[in-house]
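The values are calculated or read from the model by the stated rules, or taken from the named source; none is laboratory data. Every value quoted in this text rests on a predicted model; they were computed, and no experiment measured them. Methodologically, a virtual Cβ is constructed for each residue, glycine included, from the backbone with ideal geometry; neighbour enumeration extends over all protein chains shown.
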Amino acid sequence: MGKLSNKIALVTGGNSGIGLATARLFKKEGATVVITARSRTTFETATKELGAEFDIVQTDVSQLGDLDRLYTHIKAKYGKLDVLFANAGVALFAPTVESGPEFFDNQFNTNVRGLYYTVAKALPYLSKGSSVILNASVVSEKGIAGASVYSATKAAVRSFARSWTAEIPVSEARFNVLSPGPIETPIYNKMGMPKDQLDAFAGNMASTVPMKRFGTADEMARVALFLASEDSSYICGANIMADGGFGQV
């Protein structure tokens, strides 16, 4: 018996990176896993490559209509949701003087508004004692140059877990945060930096991590599994820093 046997799990942004690694581990531990892919292109790619593993629904979490269709699908097919990993997000870095309204809105619409309604619209379908995991970041608590907007979105995610834990009985659902440090995932190639700047950023970041390396998506998936399962039954409202010590020293 796996740790998530007979559970229905949703992993938003589960078509790549931490989301995909987590979806695969959840499935290995017995869960039926629904994943989302944001665009038509990523959905079609995911369906071709991952359709035999997961139930895939095209969903842009910043669009409320997409979320409504997602949960209508889950209700009709499964009738409940036991684990929600609100993982979908974007990460764009730029100095404050270069951070225009579109840059700001893009990240807040997905990372804050999108995550908020991903959870809010899931509430009617969550089973008793379900686990909700919010993907934040070490930068929610650690200042990083060029990350002012991204960091603010992740600080909001951390705040949501506190508020929902105070508002919603733990017998209904446990809310916790997974805050990765620097992780080797495709999101780094989508940060909007030229390759030379990205390489320099990554090298500098790794050198400041006490473990002297980036983490892996599989390492983050194991933390997500801990939070999803009964192994973490007495943990709620917490922020688990899986950051190689980056934000701790």
Would you list the helices (runs of 4 or more DSSP H) that sit entirely within region 67-174 and hold 1 or more residues that are touching an Asp or Glu at 6+ places or on another chain (Cβ under 8 Å), among the basic types (Lys, Arg) and over 20 Å from Ala23 (Cα atoms)? 148-167
If you go through region 120-138 one residue at a time, how many are in contact with a helix residue (DSSP H, G or I) (Cβ under 7 Å, 6 or more places away or on another chain) and surrounded by fewer than 20 Cβ atoms within 10 Å (Cβ to Cβ)? 2
Return a yes/no flag: does region 61-72 have any residue that is basic (Lys, Arg), closer than 16 Å to Leu225 by Cβ and out of contact with any Ser or Thr (no Cβ under 7 Å at 6 or more places or on another chain). no
Which ones in region 32-58 are assigned to a helix (DSSP H, G or I), touching a strand residue (DSSP E or B) at 6+ places or on another chain (Cβ under 6 Å) and of a type in the set (A, V, I, L, M)? Ala46
Within region 88-97, does at least one residue satisfy the condition of being touching a strand residue (DSSP E or B) at 6+ places or on another chain (Cβ under 6 Å), touching a residue at least 24 places away in the same chain (Cβ under 8 Å), crowded, with 20+ Cβ neighbours inside 10 Å and closer than 27 Å to Leu25 by Cβ? no
For region 47-60, pairs from a residue that is under 22 Å from Tyr117 (Cβ atoms) to a residue that is acidic (Asp, Glu) and in a helix (DSSP H, G or I), with Cβ under 9 Å and 6 or more apart or across chains, are Val57/Asp66; Gln58/Glu44; Gln58/Asp66; Thr59/Asp66; Asp60/Asp66
Tell me, please, whether a residue that is out of contact with any strand residue (DSSP E or B) (no Cβ under 9 Å at 6 or more places or on another chain), of a type in the set (Ser, Thr, Tyr) and farther than 22 Å from Ser233 by Cβ can be found in region 66-79. yes
Arg69 fails exactly one of (1) surrounded by fewer than 20 Cβ atoms within 10 Å (Cβ to Cβ); (2) farther than 13 Å from Thr36 by Cα, namely (2)
Out of (1) surrounded by fewer than 16 Cβ atoms within 10 Å (Cβ to Cβ); (2) modelled with pLDDT of 95 or more; (3) part of a loop (DSSP other than H, G, I, E, B); (4) not basic (Lys, Arg), the odd one out for Cys236 is which? (1)
